[in-house]
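The values are calculated or read from the model by the stated rules, or taken from the named source; none is laboratory data. Model, not experiment: these values are computed from the prediction. Methodologically, a virtual Cβ is constructed for each residue, glycine included, from the backbone with ideal geometry; neighbour enumeration extends over all protein chains shown.
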Amino acid sequence: MFSPLLNQLANAFSVIPGIGHKTALRIACYLMNNDVNKEKAQFLHHSLQVCLHQLQKCRMCQMINDHEVCTICQDTQRQDQLCVVDNIYDLMNIENLQVYRGRYFILYGCISPIEGIGPQELNFPILEGILRKKACPELILALPISHMGLVTQKMIVELAQPYVAQITTLRCGIPFGSDIEHLDQNTLIYAFKERTHIGDTPHA
């Protein structure tokens, strides 16, 4: 009934998290239904091609950006604290609070044995290399308050304790099951200011 090519285009959009097949088909039809929208599709195609060729992950924090080292990691005025987050959206939310002037590290997920996601898939070796090379006065774990988030947190604590002075986490005011990106600004500011120490006796 439907064009196989149109269905193929819809399938391409539906691989994006949060976009189901109906929404993907609606987007595909919208982009193809007249010449003006086809120009928008050409712009989308061009933007994707440019990003695919020019964007990369910062070798320090793993944030997607235009350069080998992002502007945050290049900033010499930043403190030596390191905040570990689940995704780029969490980094942006924390950065927009303007209460933290340290550095970041993005995991891009949490430990999930069922999905085959372990430490290797979450850049743990890169994180350990960063902690090994430079003294870190505080490692802040700003991860989802969920079962997988807590498992990930525990493994990072075990990895990081030999290298950092103290390890803290955001707990105050954050309900279980919450993601950082969905918290309101006041709750996140409070959680950041009232973060608590975790792990054994801090490394001297």
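A few notes on this one:
- Whichever residue in the stretch 89-130 is in contact with an Asp or Glu (Cβ under 7 Å, 6 or more places away or on another chain) and touching a residue at least 60 places away in the same chain (Cβ under 8 Å) and, among such residues, is nearest to residue 142 (Cα to Cα): 90
- Of the residues in the stretch 112-128, at least one is touching a Pro at 6+ places or on another chain (Cβ under 8 Å) and modelled with pLDDT under 90.
- Against the numbered list (1) surrounded by fewer than 17 Cβ atoms within 10 Å (Cβ to Cβ); (2) hydrophobic (A, V, I, L, M, F, W, C); (3) farther than 16 Å from residue 110 by Cβ, residue 164 comes up short only at (1).
- Residue 149 being modelled with pLDDT under 95 and not in a loop (DSSP other than H, G, I, E, B): yes
- Sole residue being among the polar types (S, T, N, Q), at pLDDT 95 or above and either exposed (fewer than 11 other Cβ atoms within 10 Å of the Cβ) or assigned by TED's automatic domain parsing to the domain that holds residue 143 (or both), chosen from 62, 79, 49: 49
- The stretch 88-108: number of residues that are modelled with pLDDT of 90 or more, surrounded by fewer than 17 Cβ atoms within 10 Å (Cβ to Cβ) and assigned to a loop (DSSP other than H, G, I, E, B): 2
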